[in-house]
Amino acid sequence: MPYIGEIYALLTACSWSGSSIAFTAATRRIGSVQVNTSRLIMAAAYLIVLVLIARFDISLSSRQVLFLGVSGVIGFTLGDTFLFRAFQLIGARITMLIMSLAPAVAAILARIFLDEDLSVSGVIGIVVTLTGVGIVVLGRSGNGENHTIIHHVTRGGVILAVLAACGQGGGLIFAKMAFREGSINGFVATLVRILASLLVLYPVALLSGRYKKPVRVLRGDPKAFLYTVLGSIFGPFLGVTGSLMSIQYTKVGIA
């Protein structure tokens, strides 16, 4: 099927748009570490059930596990920790604008590590797309509110969003390396990435004292629980899987 990678990428973009709104609302209620860790645990549970029911092939080489593990730590543990804190500080609109740097980061890293080139038309397409995203995200809302950078963006929030973009781009590069080693089911790849990230994130979150009694916290705030569940479905469960399937069929920069 032509453009299957691009179709997966567009579906991923739609999915992540919904998850960014849900996660922003959740992090402002219970904190970024609480949401980030909880949504990964939820997504891991969904994926384990799906993989077992569908009986997906889980046989991976040691190199594939290594690449996917590194991808998960960079993308989820580091990148998404920065992302969720940025959501909390500067909101979804400005954060997602800055996150549009991720394609440029991914394209540069893909050129260095994967020897992937982009055509002139591909570069123009990326520029046009990012320009459109910038216009929409920074545009005036229908009710007359103007979310300006001067009033709503902190330097720390911007830096965190840039680091999140680098984490997302870098994570995709290592995931692509795993796919180059052989065929992998997208849901299985996502599960390996999430489990690897939790091996690092969960102990750190507990030891730092920033991940406290998740069941009690989520039970005490039903809205935060609902936002986290919705975000975990449209983010790491469906969205991330879609992104991995897209890089399987097209170049990282385009995806």
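Each of Asp115 and Phe56 was given a label point 7 Å from its Cα along the Cα-to-Cβ line. The distance between the two points is 3.0 nm. Rounded to the nearest 500, the helix-only mean residue ellipticity at 222 nm of the chain stands at -24500 deg cm²/dmol, with each DSSP H run of n ≥ 4 adding -39,500 (n - 2.57). Taking 7 Å steps out from each Cα toward its Cβ at Val123 and Lys213 produces label points 5.7 nm apart. For the stretch 176-241 and the stretch 38-103, what is the separation of their Cα centres, given in Å? Spelled out, the Cα-based centre of one part sits 6 Å from the other. Over all other residues within a Cβ to Cβ distance under 12 Å of Phe174, the charged ones net out to +3, with Lys and Arg as +1 and Asp and Glu as -1. Membrane-span-like helices in the chain, defined here as complete DSSP H runs extending at least 24 Å along the helix axis by their C-alpha atoms with mean Kyte-Doolittle hydropathy no lower than 0.5, are 4-30, 32-54, 120-138, 155-181, 186-207; this is a sequence and geometry rule, not a statement about a membrane.
Mind checking the full-extension length gain between Ile135 and Val204? Use 0.36 nm per residue of separation minus the Cα-Cα distance, one decimal, nm. Before the final figure, lay out each step's value.
Values: separation 69, 0.36 × 69 = 24.84 nm, distance 3.81 nm.
Answer, rounded to one decimal: 21.0 nm.
What FRET efficiency, computed as 1/(1 + (r/R0)^6) with R0 = 30 Å and r the Cβ-Cβ distance, is obtained for Ser17 and Glu181, rounded to the nearest 0.05?
0.45
Other residues whose C-beta falls under 15 angstrom from the C-beta of Phe67 contribute a net charge of +3, scoring Lys and Arg +1 and Asp and Glu -1.
Any read-out appearing in this document is the output of simple, stated calculations on the displayed coordinates, not a laboratory observation. Just so you know, these numbers come straight off a predicted model, no measurement behind them. With ideal geometry, Cβ positions are generated from the backbone for all residues, glycine too; neighbour counts draw on all protein chains shown.
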